[in-house]
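The block underneath contains the structure these notes are about, expressed in structure tokens.
The values are calculated or read from the model by the stated rules, or taken from the named source; none is laboratory data. Note that the structure is predicted; figures quoted are calculated from it, not measured. Every residue, glycine among them, receives a Cβ derived from its backbone with ideal geometry; neighbour counts consider all protein chains shown.
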Amino acid sequence: MRLRNTVIWSLIGVCVNATALWAEALPSGIDAKGFDRSVRVQDDLFMFVNGEWLKHTPIPDDKSNYGSFTILSDEALVKQREIIEECAAGNFPIGSDRQKVGDFYRSFMNEELINERGLEPLRDLLTQIDQLDSVPAVVEFFGKLQPIGIGGAIGFYVDQDDKDSTRYLAAIVQSGTTLPDRDYYLNDDQKYIDARQALRDYVVKLYELAEFADGAAAADAILKLESQLAEVQWERTELRIAEKRYNKQTVADLVDSQPGIPWRAFLQAAGAGQVEEINVVTPSFFTGLEKIVAETPLDAWKHYLRFNLLDGAAPFLTQPFVDANFDLHAKALAGVPAQKPRWKRAVESTAGGGAGSFGVLGDSVGRLFVERHFTPAAKERMDELVKNLLKAYEVSINELTWMTPETKQRAQEKLKKITTKIGYPDKWRDYSALDIKPDDLIGNILRSNQVEHQRMLDKLGKPVDKDEWGMTPQTVNAYYNPGLNEIVFPAAILQPPFFNPNADDAVNYGGIGAVIGHEISHGFDDQGSKYDGDGNLSNWWSDADRAAFTRLTQRLVEQFNSYEPLPGKHVNGELTLGENIADLSGMSIALKAYHMALNGQPSPVIDDWSGEQRFFLGWSQAWRRKYRDAEMVRRLLTDPHSPSHYRANGPVINLDEFQEAFQVKDGDQMYLPADKRIRIW
């Protein structure tokens, strides 16, 4: 019952009222109240700009981290709540989007009925698990769980064919573990030992709440099984390598190579029995899974299936289930002390809760959100900024000293083919097949997952839909999609501190301009650069240019490897490389675009800051954020983005313009000798 996520390369991995926070912004667009003037900008840009804010702003009890993105997301959540509650209070025609939005919200908020029904909505599925009589039947049941959104050891999805971007291709990928990363199972750091114990306690608690016997035995079996799955999973640094993820083969060959896994039964149960070819994203995982399938007793698999069903459903069941789910996934793994209010969870489930999550009716809410909160003027201004950034990128490619003319020409060809989506989609998702009832929360979730699963399956055999969005317009984020070679900016991110139409250009170029540059740069990062302008995984580089590029990016890996957010816990420069390239190159291009926008005139001095200085100050205030320690540990293992402190500081030390703007000198902590500075795009 976890809502499905689309894999895209996004800006972030997310109350105080954001409008109030920025309402007093000076014409510069800089929030000087957040400055810590006891810190020199030459020593720590992030702490200079954000230090006072960090000192005096607590992380809300229901959050694992807090900053610019979460503040804006909270404000968007309030706006969505107004829309959704109007739908819930109204009397709209059966089958209309407003009826479905309102009735789903009502079903979520009806705690009395949810408590009265208890586990009854899951009884049939639990009975089916009890009746499984063989391990092959278990694997088939994994397929049956796919359409209703319950996790298992096999992940199945449909996406573009990486080597033929005009068509869709089914795929299978490693899955099956509850904790955030394989290291949580395999590493004996105390934090990971504690997480494993928390998982064990959670299994016992769910069994107790469901009035099942053998909770301790179930916990032992599940931890052992998930640890075995973790052992054969790919590390995240390997999983992000595009060419390694592409292993297309026929289903017949897959069946022949792994006879111990009943693949045809799995696919048939998942509604994909007609599939004849498939991308096996993580081949060695499935080789390992075949052995695990053969060696794991039937009873252990039944425990595993029961647990996955209860875990997936727990946020939508009675309060004790909700609390148990929160205690593991939020409190133990992210350090969050308090559950979100029910209305927030209801709004997020209705409309989506972050990057790639559409909720049950995300586009229905999104259409109403855009009607109220997005102006044509904002879109026009963004169009202008995107054009300026693309022009600056074109100039920058021509100026590269490490790339040959032939590869530069191919890079320009890809750049010219980038398409842009701003604000909201031209074509909204159709929810006519979805039946929503005001008194059936679990049923609504199951039916929603089935509709979305079928929407995904229906893509097979059809042309790629280039109008589709991977985020809702109310999401505070942005992304690059390599298969469509597109950059996408939802409406909700187009506000301060990223985009301020009433501020001087410098802060907009340092904010949303750098975001635009970031997303363009994903098309040219270490993995995005492996795709051509038509979205195909195709090498357009000479060997010499790729080698030069790799030497540059390896220096960036080493730079970020040196950062230590917590004692003994370092940033993973390989995992975060794509995002670090996008930050560095995006900033460089945005600054170039800002200078081009000045049309040869000097930048104005506002509030005693030059335009170049305000550009960097604006960049840093956009990354204002603080984390709980448990959340930082999780992100260092799982998040391809570096922590905000290093996103603010890491790229800028490589920019000549930063060193010059603040007269950074040898001995300053932000100083980097000119011959050590990294310039990629």
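Out of all the residues in the stretch 472-502, which are farther than 17 Å from TRP428 by Cβ, outside any loop (DSSP other than H, G, I, E, B) and out of contact with any helix residue (DSSP H, G or I) (no Cβ under 6 Å at 6 or more places or on another chain)?
Residues of the stretch 472-502 farther than 17 Å from TRP428 by Cβ: 476-487, 489, 493-502.
Still in the running and outside any loop (DSSP other than H, G, I, E, B): 479-481, 486-487, 489, 493.
Within the stretch 472-502, TYR479, ASN481, GLU486, PHE489, ILE493 qualify.
Scanning the stretch 84-136 for residues that are in a helix (DSSP H, G or I) and either over 18 Å from ARG342 (Cα atoms) or of a type in the set (Lys, Arg) (or both) yields a count of 19.
Filter the stretch 483-492 down to residues that are in contact with a Lys or Arg (Cβ under 8 Å, 6 or more places away or on another chain) and of a type outside the set (Asp, Glu) and give me whichever is surrounded by the fewest Cβ atoms within 10 Å (Cβ to Cβ). I'd like the intermediate steps shown before the answer.
Restricting attention to the stretch 483-492, the residues satisfying the condition of being in contact with a Lys or Arg (Cβ under 8 Å, 6 or more places away or on another chain) are 484-489.
Still in the list and also of a type outside the set (Asp, Glu): 484-485, 487-489.
Details: LEU484: 23, ASN485: 21, ILE487: 26, VAL488: 23, PHE489: 27.
For the stretch 483-492, the residue satisfying everything is ASN485.
Report whether or not GLN527 is under 28 Å from ILE84 (Cβ atoms) and not small (Gly, Ala, Ser). Walk me through how you get there before you give the answer.
Values: under 28 Å from ILE84 (Cβ atoms): no; not small (Gly, Ala, Ser): yes.
Here the answer is no, as GLN527 does not meet what is asked.
Of the residues making up the stretch 655-681, those that are in a loop (DSSP other than H, G, I, E, B) and crowded, with 16+ Cβ neighbours inside 10 Å are LEU655, PHE662, VAL664, MET670, LEU672, ILE678, ARG679, ILE680, TRP681. Tell me, yes or no, whether the stretch 543-563 has at least one residue that is crowded, with 20+ Cβ neighbours inside 10 Å, modelled with pLDDT of 95 or more and assigned to a loop (DSSP other than H, G, I, E, B). Within the stretch 543-563 (the criterion being crowded, with 20+ Cβ neighbours inside 10 Å, modelled with pLDDT of 95 or more and assigned to a loop (DSSP other than H, G, I, E, B)), the answer is no, since none of the residues qualifies. Among the residues making up the stretch 615-631, those that are buried (at least 20 other Cβ atoms within 10 Å of the Cβ) and of a type outside the set (Lys, Arg) are PHE615, PHE616, LEU617, GLY618, TRP619, SER620, GLN621, ALA622, TRP623, TYR627, GLU631. Annotation note: Cβ proximity below 6 Å between a residue of the stretch 239-260 that is under 30 Å from LEU577 (Cα atoms) and modelled with pLDDT of 95 or more and a residue that is surrounded by 15 or more Cβ atoms within 10 Å (Cβ to Cβ) and among the charged types (D, E, K, R) (sequence gap 6+ or interchain) occurs for ALA242/LYS530; TYR246/ASP162.
Hey, does the stretch 102-114 have a residue that's surrounded by fewer than 22 Cβ atoms within 10 Å (Cβ to Cβ), of a type in the set (D, E, K, R), more than 23 Å from VAL322 (Cα to Cα) and modelled with pLDDT of 95 or more? No, that holds for no residue.
Kindly provide the set of residues from the stretch 142-151 that are buried (at least 22 other Cβ atoms within 10 Å of the Cβ) and either not in a helix (DSSP H, G or I) or not assigned by TED's automatic domain parsing to the domain that holds LYS244 (or both), ordered by number.
So in the stretch 142-151, the residues buried (at least 22 other Cβ atoms within 10 Å of the Cβ) come out as 142-143, 145-146, 150.
Correct list: ILE150 only.
If you go through the stretch 126-151 and keep only what is touching a helix residue (DSSP H, G or I) at 6+ places or on another chain (Cβ under 6 Å), more than 15 Å from LEU298 (Cα to Cα) and at pLDDT 95 or above, you end up with GLY143, LYS144, PRO147, ILE148, GLY149, ILE150.
Any idea how many residues of the stretch 360-404 are closer than 30 Å to LEU441 by Cα and either modelled with pLDDT under 95 or outside any loop (DSSP other than H, G, I, E, B) (or both)? If you could, list the steps in order and put the result at the bottom.
Just the residues of the stretch 360-404 that are closer than 30 Å to LEU441 by Cα, to begin with: 360-373.
Those still in the list that are either modelled with pLDDT under 95 or outside any loop (DSSP other than H, G, I, E, B) (or both) too: 362-373.
So the answer is 12.
Taking the conditions (1) modelled with pLDDT of 95 or more; (2) over 15 Å from VAL49 (Cβ atoms); (3) not polar (S, T, N, Q) in turn, GLY650 satisfies each one other than (2).
Only one of the numbered conditions (1) outside any helix (DSSP H, G or I); (2) within 30 Å of ASP214 (Cα to Cα) is not met by LYS331, and that is (1).
Filtered by the rule that a residue be in contact with an Asp or Glu (Cβ under 7 Å, 6 or more places away or on another chain) and among the hydroxyl-bearing types (Ser, Thr, Tyr), the stretch 595-654 gives SER603, THR638, SER642.
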